Each structure stands twice: as structure tokens, then as C-alpha cells.
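Remarks on the structure that follows.
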Amino acid sequence: MKILLIAVNARYIHSNPAVFSLKACTGIYNSYVDIIEFTINQPPSYLLQEIYKRQPDVAAFSCYIWNRTILDSVIPDLHKILPKTDFWAGGPEVSYNAQEMIDRWQLSGVMTGPGEGSFSYLVSSYVNGTADSLPAVLDQTNTVRLSLNEIPFWYGGYGIKDTSDGCISNTGDTGTYNDIQREKNRADFTNRIIYYESSRGCPFSCSYCLSSIDKTMDFLPVERVCRELDFFLEQEVPQVKFTDRTFNCKKDHALPVLRHILEHDNGITNFHFEISADLMDEDYFTILKQLRPGAVQLEIGIQSTCPETIAAIDRKMDFAKAADVVRQISLWHNIHIHLDLIAGLPFEDLYTFQNSFNDVYALQPQQLQLGFLKVLKGSAMEQRALQYDLVYTSLPPYEVLSTKWLSYQDVCRLKQVEEVLETYYNSGQFVHTLAFLCNHFDTPFAMYESLARWYEKHALFGIQSSRLKKYETILAFGTAYIMNERQIDAYEKSRQISILTEYVTYDLYLREHVKNRPSFAASLEKWKDIIHDILHREAETHELFPELADSGYRELTKTLHVEVFSSVFDMPCAVLFSYENRDPLTNNCRTIHLYC
């Protein structure tokens, strides 16, 4: 009996915790179950071939909005080449319309809700020859619901990279590992985001979220969480993403975990948490402000700052308090903050969304995600679709096209703003340039909307630009905008453009040690003697960069870049850019400013 769990992830660096968790709960039947992971970027024909090679008696798919479309093309063809195989599916894309999906994909059945108990029952039924009596829909009414603490720590036997076919296959015994397995794990962890669940469920009732349907909250014991985090720390994995919907909803659970991370930091691993800012207090701050820069990143869902919208989506959020929390954490410069907005929510038109955008932008998070409402199957938002005149895509991800308050044309405008926001703000590569340009606009949203119009006018959307081209583009945009400003004279326009050009240059060298000097950068010919003296002095004293003490003049000319700025500072200033030690929060290089 061969039972194959199949995951199709959005990207290679992602892993699917569901399939490993399911396998971990099969107990004595564990050896009958194998796992294979693909990505949506691989052609359906490849998935067909790899699944066919394994000749499963049972194939079970983990189904989400990101892989539903590819599964629509793969599963019908699998029936043709594996006519004796039974097909099952689970996950949110099949749980709320189970019979429809059974008919669509000719499935033997669907597992709904938390699947560990159901899958264990399914496997034992097939192994023991009683699968004919399985109901078409397996859930907690006809199987058993396992508590989170009953699920083994399956990362102990995490699969290795199978370089022969580009898939990830689970080959170890779940829950156990030896020295060889540890080395295999380490190689795999290096290239993948690790997902970890310390709690299941959510105390809140946001109408767009599936987590609001099941009100059950389940927590792993803190002692177990800390013990399992030690495994990741020992493996020196780059990032662990907690899948907890609201990590800090239970203080006596979250605080000890954060304290453990503080006390056992390995200097490498980053932990990502989704939190509610409203629940943060001084007890959290005491721990968070002591963390190594880059040890933790926090994702906070603001979604909207319109009170009517917040009430309509059944969300509890005090924006003033959330903003205070973000500002407090930002002062420490050690934690990456990711803030979320959702366009297309009820009672939010283009004007009120602009206000939400400007409110959140003012907090200057490291990342501002402008997302669009997904009308998920089974959610309260789906039930209210007619009430709100929600029009959304027929295929996953069921993204909003228009609402009673937002036209499709408005959505298109916001899509363009999202793209330039992602390119320029979320990349973190244009911090000084954007701050300077923002002063020329009434609001941040107005700046990004203007930049989006520039992109559309010059047919730049949909084009894969080089990194240098992005700097050239924003300089061209800013220059054109300043030239068209009526309230300033020609002299001031020239001065402002000089400042803009230097900020673009400054931002470029903060991130890139470019070999070829960009065309927009001012000539350094008149400053060459000063630059020469600065580097010679540093080669002799190593006063500014003691970490480069083994480098002579020639090596320093290759390791450091010196740029002289005449417009952005009060007087000419030589800036030394060192790329040896980057800021773990921004990835910018280290700089030293010397006034000439």
C-alpha cells in the first residue's frame, strides 16, 4: 500500500507544513506514507510524470487558493494514467464545497477541518482493507480531532532535497533523527522557509478570514515550543515563520517564547510572528527591545483605518494604539515591522482608502503590503457578497474586482499603485529618494499614484527592469515632476533636481557596490585628491573601519566606495560606503560621513 501526500507550493522556498503534520500522525502506519512537494511554477506535465513514477494506491492533495488552478489541470489527467488510484483532497479550497469538488475531480473523498485525525483514520482504513466503508467527507463528526499537543514534532524527520528530479521527498522517520539526518536537514533548511505552529485558531472574527469560522483555540505547551525552537536554532535555519494567526493573543504563551528566543539567540535565525498590536504592552516591550537586530520580525494587520470599515468586518482594532506600538518598536531599530492594508473592504471607497494608506505609510514600516480582498469560500465575507455588491474573480484567489464603494477602474488604479509601492518602497532601496520626493506631494498616496501614471505613460508595467534601470526611472519621474511645478522658479527647480540626483546616487551605493559608475552620478574628478587622501589615511590608521585592518590601500579601493555629495548636506561631504557589514534590518551598507 502506497499513500502519497502531495503539496504544490507557491515558491520553492516555501514548505507545506500540513502534509508533514498529517504524516506525523499516522503512527505505526507511517511507513506507508510518502510526501512530495512541487511548486506552481513547474509545468503540469512534470507533476503528472513525478506522481506517476511513484505509482501510489492513494494520492491525497493539499489544496489552497494558490494551487487550485494547477490542480484543476493535473487531477483529471491523473485519473487517465493512474486509473486504479484513489484520490483524496483536503484544505480550505475543498472544505467548504466538498461535494462540488468530489464531483469536479472525481475524488474518493474530501477531508475537512483539522486533518491529522482524519488522515490517520484514512491511512489505517486503507492499510487494513476497510477503505470501502469510508464516508465521502471525513471530518471530526466521523473521525477524531487531535489536540495540537498530540501531533508529533515532525521536523525531526524533515525531508531532504532530491536533486535528481527537483522535488522534495520525505525519507526520514518522523519524530526521530540521527547525525546523518541532521546534516541532510541542515542543507534543506538553508534554502527554505520553515513554518511552525504553536497555536491553532484565532480569538477574533474578521469576516474575510477563514480562521474566524472555528472558534476553538488550541496551544502547544510552552515547554514543548521552546524545546522545538531549540532544534531550529541548532540547525541555524535562516527563518522560522509562526503560522499562529495571532501569536500574542495569550500572554502567558507568547512572552515565554519570546524570552526563550532572546536567551537562546544563535545570531542567525529570524522568527516571524503575526501579532495584534492592540495587545502589546510594557511586558512585551521589555523583551522585544533587547533582541538582536533581525532576530524577530512582526507582521501587523491594520487592514483599514476607516472606523466604519473596521466595524463592518467584525474586527477589533484601535488604530491610535496600534500606531503608538509601531512607533515605540521602531525607535529601537532592531525589529522588522510589516504592516498590511486590504483594498476592497466594505464602506471603503477610493478616498477613504487613500486615508488608510497615508495613515499607515506615516508609520514608516519596513514593509507595507497593499493587498486586495479575497472572498474566500466559507467566509462570512462570501455570505455578505450580495449585500456589499462584491464582484470577484471566478477562479482562485477570488480577488475583488469591484464593490458598492469601489469601481473596477478604482481597483485597477490601486493595482498600479501596489506595483510601484512594491518596487520602490518595499524593496527598501530608495528610502532617501522617496522621502525627498514625498515632500513635493500633498500626500504619500498622491506620490505613488503619480509614479504609477508615469509608469503607465511610459509603458513600464509588465517589464522586468534591471536594478539600475529602476534608479534611472525614479530619477526621470522626479525630474519631470519638479520641472512641471509652477510654484518654484527655474533656479530652485535646478537645485531640487540636483538634490534628487544625489539622493538617488546615495540610495544606489547604500545597496549596490556597482562596478560601472551610473550615468546620472556627478563626476568625481575634482574630488579625486580628497578621496585619495581619505583612503590613504584609512589604510594607515584603520580608524574608521577597524574590521578592515588587514586591508591596504589597494584593497580598500576595492572594498570601500567613496562618493562626494555637494547638495544634500550643508557643505560638501565625502561618504564612505563599506559593504562588509550590512544593517541586518535594512540590508544597507555601513557609512561614514566626512565633511570636506
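Does LEU386 satisfy the condition of being without any contact (Cβ under 8 Å) to a residue 12 or more places away in the chain, closer than 30 Å to ILE70 by Cα and over 27 Å from the mean Cα position of the chain (by Cα)? It is true that LEU386 is without any contact (Cβ under 8 Å) to a residue 12 or more places away in the chain, closer than 30 Å to ILE70 by Cα and over 27 Å from the mean Cα position of the chain (by Cα). In this structure, VAL411 does not satisfy being part of a helix (DSSP H, G or I), touching an Asp or Glu at 6+ places or on another chain (Cβ under 7 Å) and not assigned by TED's automatic domain parsing to the domain that holds ILE463.
So that you can scan it fast, the table gives a plain yes or no per residue for (1) among the small types (Gly, Ala, Ser); (2) crowded, with 19+ Cβ neighbours inside 10 Å; (3) modelled with pLDDT under 95; (4) touching a helix residue (DSSP H, G or I) at 6+ places or on another chain (Cβ under 9 Å):
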{"position": "ALA362", "(1), (2), (3), (4)": "yes, no, no, yes"}
{"position": "PRO365", "(1), (2), (3), (4)": "no, yes, no, yes"}
{"position": "ALA385", "(1), (2), (3), (4)": "yes, no, no, no"}
{"position": "TYR388", "(1), (2), (3), (4)": "no, yes, no, yes"}
{"position": "GLN409", "(1), (2), (3), (4)": "no, no, no, no"}
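Quick grid of which residues meet (1) touching a Gly at 6+ places or on another chain (Cβ under 9 Å); (2) part of a loop (DSSP other than H, G, I, E, B); (3) in contact (Cβ under 8 Å) with a residue 60 or more places away in the chain:
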residue: LEU262; (1), (2), (3): no, no, no
residue: ASN266; (1), (2), (3): no, yes, no
residue: GLU274; (1), (2), (3): yes, no, no
residue: ASP278; (1), (2), (3): no, no, no
residue: ASP283; (1), (2), (3): no, no, no
residue: LEU291; (1), (2), (3): no, yes, no
residue: ILE302; (1), (2), (3): no, no, no
residue: ILE310; (1), (2), (3): no, no, no
residue: ARG315; (1), (2), (3): yes, yes, yes
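Being over 18 Å from VAL504 (Cα atoms) and buried (at least 19 other Cβ atoms within 10 Å of the Cβ) is the filter here, so list the residues in the stretch 411-441 that pass it. Matches in the stretch 411-441: VAL411, LEU414, VAL417, GLU418. Kindly indicate the residue of the stretch 38-70 that is surrounded by fewer than 23 Cβ atoms within 10 Å (Cβ to Cβ), touching a residue at least 60 places away in the same chain (Cβ under 8 Å) and of a type in the set (A, V, I, L, M, F, W, C) and also nearest to SER118 (Cα to Cα) among those meeting that condition. Among those residues, the one meeting the criterion is VAL58.
Can you spot a residue in the stretch 394-405 that is in contact with a Ser or Thr (Cβ under 6 Å, 6 or more places away or on another chain), charged (D, E, K, R) and modelled with pLDDT of 95 or more? Looking for residues that are in contact with a Ser or Thr (Cβ under 6 Å, 6 or more places away or on another chain), charged (D, E, K, R) and modelled with pLDDT of 95 or more, one finds at least one in the stretch 394-405, hence yes.
Could you say whether any residue in the stretch 75-83 is touching a residue at least 40 places away in the same chain (Cβ under 8 Å) and either surrounded by 16 or more Cβ atoms within 10 Å (Cβ to Cβ) or assigned by TED's automatic domain parsing to the domain that holds CYS202 (or both)? Checking the stretch 75-83: not a single residue is touching a residue at least 40 places away in the same chain (Cβ under 8 Å) and either surrounded by 16 or more Cβ atoms within 10 Å (Cβ to Cβ) or assigned by TED's automatic domain parsing to the domain that holds CYS202 (or both). Just one of (1) surrounded by fewer than 19 Cβ atoms within 10 Å (Cβ to Cβ); (2) closer than 26 Å to LEU345 by Cα; (3) in contact with a Phe, Trp or Tyr (Cβ under 7 Å, 6 or more places away or on another chain) fails for PRO203. It is (3). Filtering the stretch 453-475 for residues that are assigned to a helix (DSSP H, G or I), loosely packed, with under 14 Cβ neighbours inside 10 Å, out of contact with any Pro (no Cβ under 7 Å at 6 or more places or on another chain) and of a type in the set (S, T, N, Q) leaves an empty set. Counting only residues that are of a type in the set (S, T, N, Q) and in a loop (DSSP other than H, G, I, E, B), which one in the stretch 378-400 is nearest to PRO346 (Cα to Cα)? Per the criteria, the residue is GLN387. Filtered by the rule that a residue be part of a loop (DSSP other than H, G, I, E, B) and over 29 Å from VAL222 (Cα atoms), the stretch 109-149 gives ASN128, GLY129, THR130, LEU134, PRO135, ALA136, THR141, ASN142.
Within the stretch 328-360, restricting attention to residues that are part of a loop (DSSP other than H, G, I, E, B) and among the aliphatic types (A, V, I, L, M), which residue is surrounded by the fewest Cβ atoms within 10 Å (Cβ to Cβ)? Checking each candidate, the answer is ILE335. I need the full set of residues from the stretch 561-596 which are within 26 Å of PRO293 (Cα to Cα), assigned to a loop (DSSP other than H, G, I, E, B) and touching a helix residue (DSSP H, G or I) at 6+ places or on another chain (Cβ under 8 Å), in order please. Once the filter is applied, which keeps residues that are within 26 Å of PRO293 (Cα to Cα), assigned to a loop (DSSP other than H, G, I, E, B) and touching a helix residue (DSSP H, G or I) at 6+ places or on another chain (Cβ under 8 Å), the stretch 561-596 yields TYR579, GLU580, ASN581, THR586, ASN587, ASN588, CYS589.
Residue-level check: of (1) surrounded by 15 or more Cβ atoms within 10 Å (Cβ to Cβ); (2) closer than 29 Å to ALA446 by Cβ; (3) not acidic (Asp, Glu), LEU556 misses just (2). The set of residues in the stretch 187-231 being over 20 Å from the mean Cα position of the chain (by Cα), modelled with pLDDT under 95 and of a type in the set (Phe, Trp, Tyr) consists of PHE204, PHE231.
The lone criterion from (1) in contact with a His (Cβ under 7 Å, 6 or more places away or on another chain); (2) without any contact (Cβ under 8 Å) to a residue 24 or more places away in the chain left unmet by GLN106 is number (2).
The values are calculated or read from the model by the stated rules, or taken from the named source; none is laboratory data. Keep in mind the model is a prediction, meaning the values are calculated, not measured. Note that we place each Cβ from the backbone using ideal geometry, even for glycine, and neighbour counts take in every protein chain shown.
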